[in-house]
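Input: a single structure, listed below in structure tokens.
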Amino acid sequence: MKLKYGMTTSVLATLLLSTTSVFASADMGKWVKEFQPSVLSKAQMKKEMDWFEKASIPYKGMTIKVVSEGIGTHVYESKVLTKAFFDLTGIKVLHDIIGEGDVVEKLQTQMQTGQNIYDAYINDSDLIGTHWRYQQARDLTAWMKNEGKDVTNPGLDLKDFIGLNFTTGPDGKLYQLPDQQFANLYWFRADWFADKKNMADFKSRYGYKLGVPVNWSAYEDIAEFFTGRVIDGKKVYGHMDYGKKDPSLGWRFTDAWMSMAGMGDVGEPNGLPVDEWGIRVNSKSQPTASCVNRGGATNSPAAVYAIEKYVEWLKKYAPPSAAGMVFSEAGPVPAQGQIAQQMFWYTAFTADMVKEKIAVVNADGTPKWRMAPSPHGAYWTKGMKIGYQDAGSWTLMKSTPVKRSKAAWLYAQFVTSKTVDLKKSHVGLTFIRESSINHESFTKRAPKLGGLIEFYRSPARVQWSPTGTNVPDYPKLAQLWWQNIGDASSGAKTAQEALNNLCLAQEKVMKRIQRAGVQGDIGPKLNKKSSESYWLNKPGAPKAKLVNEKPQAITISYDELLKSWSK
């Protein structure tokens with residue numbers, strides 16, 4: 001076919017592509033400057049961005065929709081990286097920022113209806129058991145080799161990602177690509193802990209040194225010691241938490257509070273056969289129980305101990321307003337300068353805790369606080385998971401048309417690429433790549449980040465992990481937690497009553513999945529009921545009630561802790 005002036009379509013296409021390249025090259029220089037520091041040289045960055053430009057040609061002019069929860073990392077992606085991606089590829093990305101619960105709800109709706117709501121989701125790897133069993137998310141291992149091969153970055157370097165074991169199913173297939181990760185750790189006012197009067201008073205009262213608590217016994221003593229103490233003219237509190245009956249209350253417990261107490265079994269990244277939700281699986285990874293009388297641990301003595309300590313500490317040692325707060329309201333409180341320690345603190349708050357001229361930062365920009373491993377409860381044993389690590393990860397649904405999935409996959413790889421990741425890590429402090437964690441720019445910045453870099457460079461971090469594959473349907477089961485734990489938090493039910501209701505509700509959902517047969521031979525297959533004593537007398541979880549749930553308190557100096565990490 002001839003066009004006006006005798007120009008063929010193929011010649012016109014060539015001219016258009018060459019023009020696009022010229023404009024993209026100009027944009028590329030701007031973005032190379034924006035993405036400093038980078039683990040790549042400028043030449044390597046240009047090469048990688050050139051690949052994105054060329055691979056995106058078939059999708060130029062498209063508009064795609066993706067979604068994530070609202071943390072700083074995702075805000076940077078939505079406001080900055082979408083513009084960079086458009087300049088380089090011509091693909092417009094509408095990157096929605098909504099609540100985490102809303103992300104799960106949208107994903108669940110797409111799973112149930114098949115309607116393509118979003119072209120890609122950054123949803124927590126907590127859903128790995130759901131994605132593996134329902135097979136509605138694309139198997140990325142097969143995708144990268146076959147259908148998505150032409151849009152898979154040759155420089156993706158999967159081995160550089162630190163969280164792939166969280167997003168891989170028991171079948172060995174990758175279902176999600178990590179975009180950001182953060183851990184829940186222990187946070188404390190290092191300046192108060194190092195104060196000579198505080199140290200002397202604590203030693204006189206409790207008979208051991210004030211330091212980083214290794215177990216809950218020490219945490220409880222420290223909470224008691226600081227609560228009501230006046231420091232710098234202000235009354236302080238020895239603990240911070242939240243208790244409002246809200247979806248975020250559920251995450252607070254499924255995000256490893258129970259494993260910190262010692263409810264589950266030994267295992268990495270999650271306890272086997274019983275995980276931190278109290279769900280037991282058999283050798284085929286089929287969920288078989290939640291209640292103790294079937295072999296689960298959700299309502300076991302260790303779980304009751306975990307809830308009772310949570311309720312007790314919230315009432316005794318946290319600010320009175322904490323009981324009426326949700327996660328997002330409680331998070332900024334330690335930065336206000338009246339909290340001595342917090343066991344359940346997310347490193348996603350680090351960026352907000354190192355801002356200049358706030359109560360917990362020194363004049364030279366160094367923090368007055370530090371982070372450390374969370375202490376463990378009386379039922380915990382070595383080799384168990386001791387904390388939670390959020391791994392917000394890219395998920396492509398099979399219900400999304402292939403062309404739209406390909407365009408979204410390009411964006412997902414761009415925002416996790418080596419070109420971008422180091423700069424993104426400095427903005428949000430949510431690490432996904434080994435190369436970014438170990439970059440010299442973070443060695444220089446480490447003294448101002450309160451132990452974050454030391455933690456992520458330590459081998460200890462493997463004991464922090466997201467929800468594992470024991471959970472067969474995260475959206476359905478997660479909503480049961482906040483409703484039932486909320487009853488214990490408010491005092492409407494005892495811890496035992498609330499957990500009895502929770503385990504029965506979890507098993508009811510699993511029975512429905514079992515009857516429906518929608519998860520095939522990897523779906524739930526509940527054990528027959530037995531006496532609770534039958535299971536409590538067996539090794540591992542569920543564990544029988546301890547005679548002494550407050551063993552000898554143990555603390556460690558922060559310097560000793562850092563030395564142990566370096567080893």
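Counting pairwise Cα distances across the range 429-567, what percent come out greater than 19 angstrom? Spell out each step's value before the answer.
Working: 6931 of 9591 pairs.
Considering the range 429-567, 72 percent of its Cα-Cα pairs are separated by more than 19 Å.
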- Task: Let me know the shape class of the range 198-243, please: from the alpha-carbon gyration tensor, a ≥ b ≥ c as square roots of the eigenvalues, rounded when a/c is under 1.5, otherwise prolate if a/b is greater than b/c, or oblate.
- Result: oblate
- Message: Could you sort the peptides 408-414, 491-497, 247-253 by per-residue average Cβ neighbour count (10 Å cutoff), highest mean leading?
- Response: 408-414, 247-253, 491-497
- Query: Out of the DSSP beta bridges found with both residues in the chain, what percent are antiparallel (nearest 5)?
  - Reply: 70
- What net charge is computed for the residues neighbouring GLU100, neighbours being all others with C-beta under 9 Å from the C-beta of GLU100, Lys and Arg scored +1, Asp and Glu -1? -3
- Compute the long axis of helix 216-226 from its Cα atoms, compare it with the longest principal axis of the Cα atoms of the chain, and write down the angle in degrees, 0 to 90, nearest 10. 80
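Mean residue ellipticity at 222 nm from the helices of the chain, using -39,500 (n - 2.57) per DSSP H segment of n ≥ 4 over the full residue count, to the nearest 500 deg cm²/dmol? Intermediate results must be reported in sequence, preceding the final value.
Details: 24 runs with 238 residues, N = 567.
Result for the chain: -12500 deg cm²/dmol, rounded to the nearest 500.
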- Query: Dividing the alpha-carbon radius of gyration of the range 122-186 by 2.2 N^0.38 Å (N being the number of residues), what value is obtained?
  - Reply: 1.17
- Item | Three-way shape call for the range 228-288 based on the alpha-carbon gyration tensor, with the a/c threshold at 1.5 | prolate
- Query: For helix 100-113, what angle does its Cα long axis make with the longest principal axis of the chain, in degrees from 0 to 90 and rounded to 10?
  - Reply: 60
- Message: If every alpha-carbon in the chain counts as one equal scatterer, what log10 I(q)/I(0) does Debye give at q = 0.08, 0.13 1/Å?
- Response: -0.56, -1.34
- Query: Ranked highest first by average number of other Cβ atoms within 10 Å, how do 336-348, 430-442 line up?
  - Reply: 336-348, 430-442
- Note on the structure: Rounded to two decimals, the Debye log10 I(q)/I(0) of the range 493-562 (Cα scatterers, no solvent) at q = 0.18, 0.27 Å⁻¹ is -0.92, -1.22
- Message: Can you sort SER125, SER374, SER557, SER285 from fewest to most other Cβ atoms within 10 Å of each residue's own Cβ?
- Response: SER557, SER285, SER374, SER125
- Message: Can you give me the Rg/Rh ratio for the range 232-348, using Cα atoms for both radii and the Kirkwood formula for Rh?
- Response: 1.06
- Message: Please give me, ordered by residue number, the trypsin sites (Lys or Arg not before Pro) of the range 297-366 that lie in loop per DSSP and have at most 16 other Cβ atoms within 10 Å.
- Response: LYS355, LYS357
- Query: Once the Cα atoms of helix 474-490 and of the chain are each reduced to a long axis, what angle between those two axes, in degrees from 0 to 90 to the nearest 10, is obtained?
  - Reply: 30
- Query: Which FRET efficiency value, to the nearest 0.05, is calculated for ALA200 and SER321 with the Förster distance at 35 angstrom and r the Cβ-Cβ distance?
  - Reply: 0.65
- Task: Express the Stokes-Einstein translational diffusion coefficient of the range 395-487 in µm² s⁻¹, to the nearest whole number, given a Kirkwood radius over alpha-carbon pairs, 25 °C and a viscosity of 0.890 mPa s.
- Result: 147
- Message: Just want the answer: with Cβ charges of +1 for Lys and Arg and -1 for Asp and Glu, which residue in GLN286, PRO542, GLN496 is farthest toward the dipole's positive end in the chain?
- Response: GLN286
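FYI, it's all coordinate maths here, none of it is from the lab. Just so we're clear, the structure is a prediction, and the values are computed from it rather than from any experiment. Positions of Cβ are generated from backbone atoms using ideal geometry, with glycine treated the same way; all protein chains shown enter the neighbour counts.
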